[in-house]
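Presented below is the structure to which this report refers.
Any read-out appearing in this document is the output of simple, stated calculations on the displayed coordinates, not a laboratory observation. Bear in mind the structure is a predicted one, so any value in this text is a computation, not a measurement. Positions of Cβ are backbone-derived with ideal geometry, glycine not excepted, and every protein chain shown enters the neighbour counts.
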Amino acid sequence: MIKALLLGMPESNERFNQVMTLQNLGLVSLAGNVDPTICEVKVADLFPIRKRWEDYVLGVLKEYSPDIVGLSFMSFQYRSAIKLSKLIKDHDQNIKIVIGGYHPTLMYEEMSESPDFQNIDFIVRCEGEGTFRELIESLNKDSGYEKIKGLSYRENGTFYHNPSRELLDLNMVQPPNRNSRLITKGFSIYGLPSDSIETSRGCTYKCKFCSISQMYGRSFRTYEIDRVIADIRDAKEHGAKSIFIIDDNITLDLRRLETLSEEITKQKLNTIHYAVQTTVKGMASSERLVQKMADAGMRTVFIGVESIKKDKLDYLAKGSSTSEDTKKAVKYLKDNNIIISAGFILGMPDDDEKALWDVYDTAWELKIDIPFFSILIPHLKTEMRDELLEQGLVVNADEYHRYELFSSNIKTKYLSAKDLDGIVSDMYFKYMVNPKYLWFNKIRKTFPAYFYKTALVQIPYVIRDAINGIKSGGSKDSDSLD
């Protein structure tokens, strides 16, 4: 019997964590798609024990003695993946290490040649359920790696990259195995115990700043509604009182979203607090849809506003949303007492300080409950990254650990990375301390204890950021506008 240990990284985004902390759904999906007769899988998301994760991992390695350890990570978790791979091999050179997730999928060739990852044995690219299952089967036979699509493997000091795997038929993907989790507490949405589900994968949009298409192409695949309902029940049985729906773009099929909402209500699963990501266009399309989402318990909706200025949206290739769509979407959500989380992208090449504060004014006028003032990230392998590099506006191209929403990896024609960090910190501070924010904010009304506790936790951060700026943006030289 092969023993596999799958690890989620210890760090997440500092400000995002104040709203919600989530388990890695992909890891328990991998655990649910291996042959249980040949492999036992344990999953540990390290975020809740992030201050002592090294001791914890060593303890699990000693107790469980895995044959293979999997690490799933995004770009900003790059350094933790390096540390983990070294810690594992220092403990036992015989343990095989496999990495996967967005960053390894996009950068597998570079990583296979990097001294940072000399300890890894395999890279699972793109969707992992099929590839990881076949890897376990080959480990059981101790042969056959060259036949596994979507796998990169090391042999005699050389990495070989097999052909890519076709996109999975989601009807063949087995449900997540939540029983595999070793750490079950410490994840929440507004203080409610949380879990995650997915109802679809992929997006057909052509946004220049997004790397989803590098994972799935421009595709959209869905699970059967019955399967989604069963997964919600399973999450609830495992203690979830809130659920984050992680779909890349659930609003690509609005009729299906309406049907899903109706079925959740029909099955009396609407006592759960759902958080879901949607498009502005989708929410503006139908007030009836928004009402049915609210009836189903979808009480927090994230909309990617990005900007209400057409030239900015055109620059981002952000589809056909308009400022009127944004206003209509916000109205429908507010009328149904839904907490609105909205993303705004700042730091486009022509942005000056006034352009940033115009975004702030937009968020304030819309009375957004949770604004995310996100500095443009030059995500790997995107059209946006290529353009920004060509213009010399990326200030830390290889410092992947900085690739998160709230620190600058870029400068504009008028603002340095440090300027961007400072202005965005000021925006958060001004937004949060305004007494009117306490008045209109739905989180305060729905989760008062959570809201005030979170506000107290955040105040030191926003004061720190307002005074010193977030410590990012590269060296003094890279910050220069010259």
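Using Cβ counts within 10 Å as a stand-in for footprinting exposure, how do HIS379, HIS103, HIS161 rank, fewest first?
HIS161, HIS379, HIS103
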Set LYS268/LYS318; LYS312/LYS413; LYS266/LYS318, cut-off 25 Å on Cα-Cα distance; pairs above it are LYS268/LYS318; LYS266/LYS318
Pseudo-spin-label distance GLN18 to GLU110, built 7 Å along Cα→Cβ, given in nm, is 3.1
Phi angles of the stretch 115-121, converted by Karplus (6.51 cos²θ - 1.76 cosθ + 1.60, θ = phi - 60°) into ³J(HN,Hα) in whole Hz with x for Gly and Pro, give x, 4, 10, 5, 8, 8, 10
With +1 on the Cβ of every Lys and Arg and -1 on the Cβ of every Asp and Glu, the dipole magnitude of the stretch 2-161 about its Cα centre, in debye rounded to the nearest 20, is 340
Listed by chain and number, the residues whose amide H is under 5 Å from that of ASP45, excluding neighbours fewer than 5 places away on the same chain and using placed H, are GLY8, LEU182, ILE183
Residue by residue through the stretch 192-208, the couplings from Karplus 6.51 cos²θ - 1.76 cosθ + 1.60 with θ = phi - 60°, in Hz, x for Gly and Pro, are 8, x, 10, 8, 10, 9, 10, 10, 7, 9, x, 8, 9, 5, 10, 4, 5
Filtered hits (aspartates and glutamates, Cα-Cα < 15 Å from LYS331, offset >= 8 within chain) -> GLU287, GLU365, ASP369
Inter-part gap, Cα centre of the stretch 404-453 to Cα centre of the stretch 164-179, in whole angstrom, is 37
Taking only the alpha-carbon positions of the stretch 2-161 as identical scatterers, the Debye log10 I(q)/I(0) at q = 0.10, 0.15, 0.21 Å⁻¹ comes out as -0.33, -0.76, -1.58
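Counting other Cβ atoms within 10 Å, keep those with at most 12, restrict to DSSP loop, and tell me which trypsin sites (Lys or Arg not before Pro) in the stretch 260-339 are left.
Counting only loop positions with at most 12 other Cβ atoms within 10 Å, the trypsin sites (Lys or Arg not before Pro) in the stretch 260-339 are LYS268.
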For the chain, longest principal axis from Cα atoms; helix 225-237 axis from its Cα atoms; angle between them, nearest 10 degrees, is 90
Expressed in angstrom and rounded, the centroid-to-centroid distance over alpha carbons for the stretch 338-361 and the stretch 252-298 is 27
In degrees, nearest 10, the alpha-carbon axis of helix 353-366 is tilted away from the dominant principal axis of the alpha carbons of the chain by 80
Taking a straight Cα-to-Cα line shorter than 17 Å from LYS436, and setting aside same-chain lysines fewer than 8 residues away, one finds LYS334, LYS367, LYS445
From DSSP H assignment alone, runs of 4+ in the chain each adding -39500 (n - 2.57), the sum over residues rounded to the nearest 500 puts [θ] at 222 nm at -12000 deg cm²/dmol
Tilt, helix 78-91 to longest principal axis of the chain (alpha-carbon atoms), in degrees rounded to tens, equals 20
Looking only at lysines whose Cα falls under 19 Å of LYS86's and that sit 8 or more positions away or on another chain, we get LYS51, LYS62, LYS96
Restricting to Cα pairs under 8 Å and 6 or more apart, the percent relative contact order of the chain works out to 12
